[in-house]
Amino acid sequence: MIDRLEKVLEKYNQLKEELVKPEILNDYNKLKELSKEQSDLEEIVNKYERYKVVENGIAESSELLNDPELKEMAQLEYEEFIKEKEYLEKELEILLVPKDENDGKNVIMEIRGAAGGDE
(Lines give C-alpha, C1' and ligand atoms only; values in the text may rest on other atoms or scores of the structure.)
Protein backbone atom coordinates (compact mmCIF):
# COMPACT_ATOMS: atom_id res chain seq x y z
CA MET A 1 0.00 0.00 0.00
CA ILE A 2 2.82 2.40 0.84
CA ASP A 3 4.39 1.88 -2.60
CA ARG A 4 1.12 2.82 -4.29
CA LEU A 5 0.78 5.87 -2.07
CA GLU A 6 4.31 6.98 -2.89
CA LYS A 7 3.50 6.66 -6.61
CA VAL A 8 0.35 8.73 -6.14
CA LEU A 9 2.35 11.37 -4.26
CA GLU A 10 4.96 11.42 -7.03
CA LYS A 11 2.24 11.76 -9.69
CA TYR A 12 0.63 14.59 -7.72
CA ASN A 13 3.93 16.46 -7.49
CA GLN A 14 4.53 15.98 -11.22
CA LEU A 15 1.09 17.43 -11.94
CA LYS A 16 1.85 20.44 -9.73
CA GLU A 17 5.01 21.06 -11.73
CA GLU A 18 3.18 20.65 -15.05
CA LEU A 19 0.45 23.10 -14.07
CA VAL A 20 2.88 26.01 -13.76
CA LYS A 21 4.48 25.56 -17.17
CA PRO A 22 3.60 28.35 -19.62
CA GLU A 23 2.64 25.99 -22.46
CA ILE A 24 0.11 24.26 -20.20
CA LEU A 25 -1.28 27.57 -18.94
CA ASN A 26 -1.92 28.65 -22.53
CA ASP A 27 -3.78 25.43 -23.43
CA TYR A 28 -7.13 25.60 -21.61
CA ASN A 29 -8.16 22.00 -22.35
CA LYS A 30 -4.87 20.56 -21.13
CA LEU A 31 -4.97 22.81 -18.06
CA LYS A 32 -8.50 21.65 -17.26
CA GLU A 33 -7.55 17.99 -17.70
CA LEU A 34 -4.46 18.21 -15.49
CA SER A 35 -6.29 20.25 -12.84
CA LYS A 36 -9.03 17.62 -12.62
CA GLU A 37 -6.47 14.85 -12.34
CA GLN A 38 -4.66 16.75 -9.59
CA SER A 39 -7.87 17.40 -7.66
CA ASP A 40 -8.74 13.68 -7.86
CA LEU A 41 -5.43 12.83 -6.17
CA GLU A 42 -5.53 15.64 -3.61
CA GLU A 43 -7.56 13.83 -0.94
CA ILE A 44 -5.32 10.76 -1.13
CA VAL A 45 -2.19 12.90 -0.86
CA ASN A 46 -3.53 14.86 2.12
CA LYS A 47 -4.46 11.68 4.01
CA TYR A 48 -1.12 10.09 3.17
CA GLU A 49 0.79 13.12 4.43
CA ARG A 50 -1.23 12.98 7.66
CA TYR A 51 -0.45 9.25 7.85
CA LYS A 52 3.28 10.00 7.68
CA VAL A 53 2.92 12.61 10.45
CA VAL A 54 1.09 10.06 12.60
CA GLU A 55 3.79 7.44 12.01
CA ASN A 56 6.44 9.94 13.11
CA GLY A 57 4.33 10.74 16.17
CA ILE A 58 4.12 7.06 17.04
CA ALA A 59 7.89 6.73 16.81
CA GLU A 60 8.49 9.81 18.96
CA SER A 61 5.94 8.89 21.62
CA SER A 62 7.24 5.31 21.81
CA GLU A 63 10.69 6.72 22.59
CA LEU A 64 9.18 8.87 25.35
CA LEU A 65 7.58 5.80 26.95
CA ASN A 66 11.00 5.00 28.45
CA ASP A 67 11.11 8.35 30.26
CA PRO A 68 9.48 7.90 33.71
CA GLU A 69 8.43 11.56 33.98
CA LEU A 70 6.67 11.69 30.62
CA LYS A 71 5.42 8.12 30.50
CA GLU A 72 1.72 8.86 31.18
CA MET A 73 1.49 11.67 28.65
CA ALA A 74 3.44 9.67 26.09
CA GLN A 75 1.16 6.66 26.62
CA LEU A 76 -1.97 8.73 25.93
CA GLU A 77 -0.39 10.32 22.89
CA TYR A 78 0.79 6.92 21.63
CA GLU A 79 -2.70 5.43 21.94
CA GLU A 80 -4.26 8.37 20.07
CA PHE A 81 -1.72 8.04 17.27
CA ILE A 82 -2.38 4.29 16.99
CA LYS A 83 -6.14 4.87 16.70
CA GLU A 84 -5.64 7.58 14.09
CA LYS A 85 -3.22 5.37 12.15
CA GLU A 86 -5.77 2.55 11.98
CA TYR A 87 -8.45 4.99 10.82
CA LEU A 88 -6.17 6.49 8.16
CA GLU A 89 -5.16 3.04 6.91
CA LYS A 90 -8.82 2.14 6.35
CA GLU A 91 -9.50 5.47 4.64
CA LEU A 92 -6.47 5.13 2.38
CA GLU A 93 -7.45 1.59 1.39
CA ILE A 94 -10.86 2.89 0.32
CA LEU A 95 -9.34 5.84 -1.54
CA LEU A 96 -6.93 3.59 -3.43
CA VAL A 97 -9.74 1.52 -4.94
CA PRO A 98 -9.76 2.32 -8.67
CA LYS A 99 -12.55 4.67 -9.65
CA ASP A 100 -15.13 3.75 -12.27
CA GLU A 101 -14.82 5.85 -15.43
CA ASN A 102 -18.54 6.66 -15.23
CA ASP A 103 -18.41 8.03 -11.67
CA GLY A 104 -18.10 11.63 -12.81
CA LYS A 105 -20.88 11.47 -15.38
CA ASN A 106 -24.49 12.51 -14.90
CA VAL A 107 -27.42 10.13 -15.16
CA ILE A 108 -31.10 10.75 -15.72
CA MET A 109 -33.32 8.07 -14.26
CA GLU A 110 -37.06 7.92 -14.62
CA ILE A 111 -39.14 6.05 -12.09
CA ARG A 112 -42.77 5.46 -12.94
CA GLY A 113 -45.32 4.34 -10.47
CA ALA A 114 -47.59 1.39 -11.38
CA ALA A 115 -45.58 0.54 -14.51
CA GLY A 116 -44.98 -3.13 -15.21
CA GLY A 117 -45.51 -6.02 -12.87
CA ASP A 118 -47.97 -7.88 -15.11
CA GLU A 119 -45.43 -10.22 -16.65
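The values are calculated or read from the model by the stated rules, or taken from the named source; none is laboratory data. Keep in mind it's a predicted model, so treat the numbers as computed, not measured. Note that each Cβ is placed from the backbone with ideal geometry, even for glycine, and that neighbours are counted across all protein chains shown. We work out accessible area using only protein heavy atoms, side chains counted, and drop any ligands, DNA or RNA first. Shrake-Rupley method; radii C 1.70, N 1.55, O 1.52, S 1.80 Å.
What the table shows:
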read-out: Solvent-accessible heavy-atom area per residue, rounded to whole Å², over the chain at 1.4 Å; value: 81 Å²
read-out: Computed accessible area, M109, all protein chains, 1.4 angstrom probe, square angstrom; value: 150 Å²
read-out: Ranked packing of 46-55, 99-108, 15-24, most packed first, by mean Cβ within 10 Å; value: 46-55, 15-24, 99-108
read-out: Value of D in µm² per second that Stokes-Einstein yields for the range 7-119, Kirkwood Rh from Cα pairs, at 10 °C (1.306 mPa s); value: 87 µm²/s
read-out: Farthest positive-ward along the chain dipole, Cα basis, beta-carbon charges - from N106, L92, L5; value: N106
read-out: Surface share of carbon and sulfur [accessible, 1.4 angstrom probe, percent] for the range 1-109; value: 49 percent
read-out: Cα-based equivalent ellipsoid of the range 50-98: semi-axis lengths in Å, sorted from largest, via gyration tensor; value: 27, 9, 5
